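Colleague: My questions will all concern the structure given below.
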Amino acid sequence: MERKRIHPDGPEFSRLITGVWRWKELSTSAIERLIHQSVDAGITTFDHADIYGDYSCEEQFGAVLKGDPSVRKKIQLVTKCGIKLLSGKRPQHRVKHYDTSREHIVASVEQSLKNLNTDYLDLLLLHRPDPLMHTEEVAEAFGLLKQNGKVLHFGVSNFTSTQFDMLQSYVHDPLVTNQVELSLFQHQALFDGTVDTLMKHRVSSMAWSPLGGGKFFSSSGGDDAVNIPLEKMASQYKCSVSQLLLAWLLRHPSGIFPILGTTNPDRIAEGAGAINIELDRQDWFEMLKVVTGHDVA
Ligand SMILES: NC(=O)c1ccc[n+]([C@@H]2O[C@H](COP(=O)([O-])OP(=O)(O)OC[C@H]3O[C@@H](n4cnc5c(N)ncnc54)[C@H](OP(=O)(O)O)[C@@H]3O)[C@@H](O)[C@H]2O)c1
């Protein structure tokens, strides 16, 4: 598995990342298997958020790290903060809202460290742009967390290019990524300036829902006009459609890091195989045409 720095001064991650958003219903042994399957496939970076699984996924993952502390040294942990959900676990929340205050960022990291059974995070992301964000407070919180060694690097998620530039102008350390929705099916970030701005900063994006959230594979979500040409091209490359969709992202010169969302260990190994596919330039545009329905201008 290829490894790469997500920013010249950022962490080195596996080029494919395992995301835990959908792991809520899984047993500890199933989670353990997914972690080991990832690491065995060379996927050593894991994407969390404080809120995943109604505030439960970090803790479930942390239970595996507690059972085998040697795993922590082999992996990189990314988590997020800033969204406050309506939840029985947070009775003080009256409405779903964002909180990027210094106090909340620091408290959220303390809780994530406890949940994950670790004393540092490789990367912390602000989960969503917060209209009430006090940028100096974010900068202070990041500075404090860096100083005391609790977080090694910082970034954002779902930020527009303007929001990214704006926050970077306040934060001392480089923002090392912007985690955005990005797939063949949701490719706006490649065309609306989001990825261009990241390239200006020498930042690679993390792509969430790289398979479009699995829509392609659902019996109801299928669209023959899309599925048939993609299946045909996958057979030409002797790969699966999932691998072809990942290869489409990996082909981009900005060095995108796709985050696999599967709960199936076999699909982790399958996803890892995408790294070896070299997609031809014209096939890349052919795939784009399949989903847009027209040639580029
Ligand atoms: N920053 C954000 O705001 C944000 C938002 C959403 C997600 N994320 C991150 O991105 C990660 C990935 O997102 P995602 O889960 O939407 O990614 P995804 O990989 O696009 O979709 C995963 C879904 O596709 C299904 N799937 C994959 N391959 C399949 C196949 N061959 N046949 C049938 N079903 C298949 C999976 O089912 P199986 O489990 O059965 O394989 C799963 O339900 C999340 O875990 C999270 O870490 C971040």
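Laboratory data are not the source of any read-out in this text; all were calculated from the coordinates shown. Since the model is a prediction, treat every value here as computed from it, not as a measurement. Every residue, glycine among them, receives a Cβ derived from its backbone with ideal geometry; neighbour counts consider all protein chains shown.
Colleague: Anything in the stretch 180-227 that is farther than 17 Å from Thr262 by Cβ, part of a loop (DSSP other than H, G, I, E, B) and without any contact (Cβ under 8 Å) to a residue 60 or more places away in the chain? List them, or say none.
Modeller: Once the filter is applied, which keeps residues that are farther than 17 Å from Thr262 by Cβ, part of a loop (DSSP other than H, G, I, E, B) and without any contact (Cβ under 8 Å) to a residue 60 or more places away in the chain, the stretch 180-227 yields Gln186, Phe191, Asp192, Gly193, Ser205, Ser219, Ser220, Gly222, Asp223.
Colleague: Name the residue, out of Glu25, Glu58, that is part of a helix (DSSP H, G or I) and touching a Ser or Thr at 6+ places or on another chain (Cβ under 9 Å).
Modeller: Glu58
Colleague: Please list, ordered by first then second residue, the pairs with beta carbon atoms under 9 Å, 6 or more apart or interchain, first in the stretch 153-179 and under 13 Å from His127 (Cα atoms) and in a strand (DSSP E or B), second within 16 Å of the ligand (Cβ to nearest atom) and of a type in the set (D, E, K, R).
Modeller: Val156/Arg128; Ser157/Lys80; Ser157/Arg128; Gln179/Asp47; Gln179/Lys80
Colleague: Kindly establish whether Ser204 is of a type in the set (Ser, Thr, Tyr), surrounded by fewer than 18 Cβ atoms within 10 Å (Cβ to Cβ), closer than 30 Å to Leu175 by Cβ and away from the ligand (no atom under 11 Å from the Cβ).
Modeller: Against the criterion (of a type in the set (Ser, Thr, Tyr), surrounded by fewer than 18 Cβ atoms within 10 Å (Cβ to Cβ), closer than 30 Å to Leu175 by Cβ and away from the ligand (no atom under 11 Å from the Cβ)), Ser204 does not qualify.
Colleague: Within the stretch 103-121, how many residues are outside any helix (DSSP H, G or I) and either crowded, with 21+ Cβ neighbours inside 10 Å or in contact with a helix residue (DSSP H, G or I) (Cβ under 6 Å, 6 or more places away or on another chain) (or both)?
Modeller: Residues flagged as outside any helix (DSSP H, G or I) and either crowded, with 21+ Cβ neighbours inside 10 Å or in contact with a helix residue (DSSP H, G or I) (Cβ under 6 Å, 6 or more places away or on another chain) (or both) within the stretch 103-121 amount to 3.
Colleague: So in the stretch 17-42, with the set limited to residues that are of a type in the set (A, V, I, L, M, F, W, C) and under 13 Å from the mean Cα position of the chain (by Cα), which one is nearest to the ligand (Cβ to nearest atom)?
Modeller: In this case the residue turns out to be Trp21.
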